[in-house]
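Accompanying notes for the structure given below.
Computed from the coordinates by the stated procedures, all read-outs in this text should not be read as laboratory data. Bear in mind the structure is a predicted one, so any value in this text is a computation, not a measurement. No Cβ is skipped: glycine too gets one built from the backbone with ideal geometry, and neighbour counts run over all protein chains shown.
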Amino acid sequence: MRCPYCQSEDTQVKDSRPAEDGAAIRRRRACPDCGGRFTTFERVQLRDLIVVKKSGRKVPFDRDKMHRSLDIALRKRNVDPERVERAVTGIVRQLESTGETEVASDDIGHLVMEALKLLDDVAYVRYASVYRNFREAKDFQNVLGELGDPEEE
């Protein structure tokens, strides 16, 4: 693993332990050249996923980008980061288990909405306002109605 500080390719693993309920390995590393310390995560990746945008453009799936979007929706909400990580891992597993290498961005957005509905109602509404491109207050009322009725959506 290359050192993020000095780019040396000779880094050493100092500690390894399971993370994300055993779905990943967290490794503490040190660089003997510059003395820098950093953490890496190793995860199983069943297949490379390609996201098909609404415009038809195709981009590689980015787990970290999806995680950041959840973090933005959950900003200043009291949700355990471990629950968020489990949600992200669950979404990725769902996407990988479909057997498809290409996935529509709408499908990812829908899975994120489902996860947020279980994590935090306010974050769900925040994400929905961007994902569904709300234009007026009535749009917020509609999504709040969905929260009251779990059969909808």
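Using a Gaussian network for the chain with springs between C-alpha atoms less than 10 Å apart, which of these wobbles most: S129, S55, S69? The residue with the greatest mean-square fluctuation here is S55. For the stretch 66-153, the spread of Cα coordinates along the three principal axes comes to 38, 27, 23 Å, biggest extent given first. Under a Gaussian network description of the chain, with springs only between Cα atoms under 10 Å, the residue in V59, V112, V103 that fluctuates furthest is V59. For the pair C6 and S97, a Förster radius of 41 Å applied to the C-beta separation gives a FRET efficiency near 0.55, rounded to the nearest 0.05.
Listed from fewest to most Cβ neighbours within 10 Å, the set D106, D71 follows the order D106, D71. Over the C-alpha atoms of the chain, the Rg to Rh ratio, Rh being the Kirkwood estimate, stands at 1.05. Candidate cross-link partners of K76 among the lysines, defined by an alpha-carbon separation under 28 Å and a same-chain spacing of 8 or more, comprise K65, K117, K138. Rounded, prolate or oblate: pick one for the stretch 1-44, where a ≥ b ≥ c are the square roots of the eigenvalues of its C-alpha gyration tensor, a/c under 1.5 means rounded, and failing that, prolate if a/b is larger than b/c, else oblate. The shape class here is prolate.
Extension gain for D33 to E82 (0.36 nm times residue separation, less C-alpha to C-alpha distance): 14.3 nm. In terms of the Cα gyration tensor, with a ≥ b ≥ c the square roots of its eigenvalues, is the stretch 82-128 rounded because a/c is under 1.5, prolate because a/b exceeds b/c, or oblate? Oblate, since a/c reaches 1.5 and b/c is not below a/b. Partner aspartates and glutamates whose Cα lies under 18 Å from the Cα of K54, excluding those fewer than 8 positions away in the same chain, are identified as D62, E100, E102, D106, D107.
Along the chain, the longest continuous region that contains none of the trypsin sites (Lys or Arg not before Pro) in a DSSP loop with at most 15 other C-beta atoms within 10 Å is 78-131.
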